[in-house]
Amino acid sequence: MGGRIVEQWIEALLQQDLLAPGFTLATISYRGNPLNAAVYRNGLIGLAKADLEFYTRAIDAVLRARVNGRAVAVEGPAVVTEASGGIPGVPYYMALVRDVLGDRFEDPLASMLRLFRDKLPAGGEPVVDAEGLVRLDDVELDEAVQAELSRRFFAGKPGDPFDPELYQSFMDEYARTRGFSIPGVDYAAEFDTDEVCRAEPAA
């Protein structure tokens, strides 16, 4: 979403006096990198992301004045989501990122845990770059990582088949965004949805 929508939410919350002193707003986006800049930063998606960054800075000034709070723009890493799976070329890039990063690849949960552990520590100042942005894409944008991604990306030629293992790796992660491909779950098991809804909550 663009920044104006976020601003409207903040305005409404302030009008109702619903923001606590010291309230922090973190807007999360993805800037991308040279390999996908044509889609993310230089395209229409990029305009919305730039707009969000702009409004976050404006909201920061308002929050500081009204509730002694703050607003920070967070640039997240590439993660597999419903949206990323539908953007042309992105599944291929995501498959490469997952393979190159290996154990260093973060799913959305791991990314958010690192955000609040390392970048937005409780009671401390946010860790920002020269533009005032919190960077969670730092691992992905590491020079060595980007060099290897570029090598693999441009090694392929139009018409080359998608490596089956990379393809399956992405599809498995994509399925997990919808609750599928979870180890230990029997998706063929029958269950009564009405009975589930009638079940009493655990004490």
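Regarding GLU200, is this residue acidic (Asp, Glu), at pLDDT below 90 and over 31 Å from the mean Cα position of the chain (by Cα)? It is true that GLU200 is acidic (Asp, Glu), at pLDDT below 90 and over 31 Å from the mean Cα position of the chain (by Cα).
Taken over the stretch 59-89, the criterion of being closer than 14 Å to GLU173 by Cβ and open to solvent by 10 Å² or more (accessible area, probe 1.4 Å) is satisfied by PRO77, VAL79, THR81, GLU82, ALA83, GLY85.
May I ask you to list the residues in the stretch 6-36 that are in a helix (DSSP H, G or I), in contact (Cβ under 8 Å) with a residue 24 or more places away in the chain and among the aliphatic types (A, V, I, L, M)? Once the filter is applied, which keeps residues that are in a helix (DSSP H, G or I), in contact (Cβ under 8 Å) with a residue 24 or more places away in the chain and among the aliphatic types (A, V, I, L, M), the stretch 6-36 yields VAL6, ILE10, LEU14. Checking VAL139, VAL127 one by one, the residue that is in contact with a helix residue (DSSP H, G or I) (Cβ under 6 Å, 6 or more places away or on another chain), without any contact (Cβ under 8 Å) to a residue 40 or more places away in the chain, surrounded by 10 or more Cβ atoms within 10 Å (Cβ to Cβ) and in a loop (DSSP other than H, G, I, E, B) is VAL127 and no other.
Looking only at residues in the stretch 20-40 that are more than 18 Å from THR81 (Cα to Cα) and surrounded by 17 or more Cβ atoms within 10 Å (Cβ to Cβ), the one that is nearest to the chain's Cα centre (by Cα) is ALA26.
Residues checked against (1) in contact with a helix residue (DSSP H, G or I) (Cβ under 7 Å, 6 or more places away or on another chain); (2) at pLDDT below 95; (3) farther than 22 Å from GLY89 by Cβ:
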{"residue": "TRP9", "(1), (2), (3)": "no, no, yes"}
{"residue": "LEU35", "(1), (2), (3)": "yes, yes, no"}
{"residue": "ALA38", "(1), (2), (3)": "no, yes, no"}
{"residue": "LYS49", "(1), (2), (3)": "no, yes, no"}
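Kindly provide the set of residues from the stretch 62-120 that are under 12 Å from the mean Cα position of the chain (by Cα), closer than 30 Å to PHE154 by Cβ and without any contact (Cβ under 8 Å) to a residue 12 or more places away in the chain, ordered by number. ALA83, SER84, ALA110 - these are the residues of the stretch 62-120 that are under 12 Å from the mean Cα position of the chain (by Cα), closer than 30 Å to PHE154 by Cβ and without any contact (Cβ under 8 Å) to a residue 12 or more places away in the chain. Kindly establish whether THR193 is of a type in the set (S, T, N, Q) and over 18 Å from VAL79 (Cβ atoms). So THR193 passes the test.
Across the stretch 144-171, the qualifying residues are those that are closer than 21 Å to VAL79 by Cα and charged (D, E, K, R), and the one among them that is least open to solvent (accessible area, probe 1.4 Å) is GLU148.
Please verify whether LEU109 is open to solvent by 40 Å² or more (accessible area, probe 1.4 Å), over 23 Å from ILE5 (Cα atoms) and part of a helix (DSSP H, G or I), treating the condition exactly as stated. Taking the combined requirement at face value, the residue satisfies it. Is one or more of the residues making up the stretch 42-50 more than 30 Å from SER169 (Cα to Cα) and surrounded by fewer than 19 Cβ atoms within 10 Å (Cβ to Cβ)? Yes, that holds for at least one residue.
When the residues of the stretch 177-196 are filtered to those that are loosely packed, with under 10 Cβ neighbours inside 10 Å and aromatic (Phe, Trp, Tyr), the one that is nearest to GLY86 (Cα to Cα) is TYR187.
The values are calculated or read from the model by the stated rules, or taken from the named source; none is laboratory data. Values in this document were obtained by computation on a predicted structure and should not be read as measured data. Please note: Cβ atoms are built from the backbone with ideal geometry, for glycine as well, and neighbour counts cover all protein chains shown. Calculation scope for accessible area: heavy atoms of the full protein, side chains included, ligands and nucleic acids excluded. Shrake-Rupley method; radii C 1.70, N 1.55, O 1.52, S 1.80 Å.
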